[in-house]
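Chemist: Pasting a structure below so you can have a look.
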Amino acid sequence: MYKAIQAFFKSENDAETAKADLNKIKANNIRVDHLPESDRTLLLTPLAYSGNNTSGMGAGGGIVAAFTKNNEGKGVTGDNKSRDYTIECEVAEDDYQEALKIIMENDGHMDKKMLEK
């Protein structure tokens with residue numbers, strides 16, 4: 001079974017580097033695209049490791065959305081730069097965590113709603 005991924009990047013170079021890395025795992029239909037300016041706003045969140053296992057393997061470890069607000073309700077990422085490039089693809093379920101790691105390592109952000117599916 002495959003899972004859909006859509007990630008957003010600041011530059012075409014970041015997106016192309018992530019695409020090259022995604023080609024090394026079981027990913028289909030990898031597309032890099034430039035987004036035109038639009039009025040639609042997504043709540044994008046960076047990715048971070050969860051649990052005590054940084055490899056993303058095994059119980060308690062993996063990649064999930066990072067905290068996006070601190071106790072005062074302020075964003076903790078401090079990154080308000082536009083992310084005008086996107087990657088869309090389908091990734092084999094057993095490579096999903098590796099795909100998220102690739103996105104994270106290339107400073108990609110994802111729509112928080114997509115991570116909650």
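Chemist: Taking the stretch 1-57 as the search range and keeping residues that are in a strand (DSSP E or B) and at pLDDT below 90, which one is nearest to Asp84 (Cα to Cα)?
Modeler: Taking the stretch 1-57 and keeping what is in a strand (DSSP E or B), we get 2-9, 27-34, 44-50.
This time we only want the ones that are at pLDDT below 90, so: 44-50.
Values: Leu44: 12, Thr45: 15, Pro46: 15, Leu47: 18, Ala48: 21, Tyr49: 25, Ser50: 27 Å.
Once the filter is applied, the top-ranked residue is Leu44.
Chemist: Next up: Does any residue in the stretch 101-112 that is in contact (Cβ under 8 Å) with a residue 40 or more places away in the chain and β-branched (Val, Ile, Thr) come within less than 7 Å, Cβ to Cβ, of a residue that is crowded, with 22+ Cβ neighbours inside 10 Å and assigned to a helix (DSSP H, G or I) six or more places away or on a different chain, and which pairs are these?
Modeler: As it stands, the answer is Ile102/Ala18; Ile102/Leu22; Ile103/Ala18, since those pairs meet every condition given.
The values are calculated or read from the model by the stated rules, or taken from the named source; none is laboratory data. Since we're looking at a predicted model, the values are computed, not measured. We place every Cβ from the backbone using ideal geometry, glycine too, and count neighbours over all the protein chains shown.
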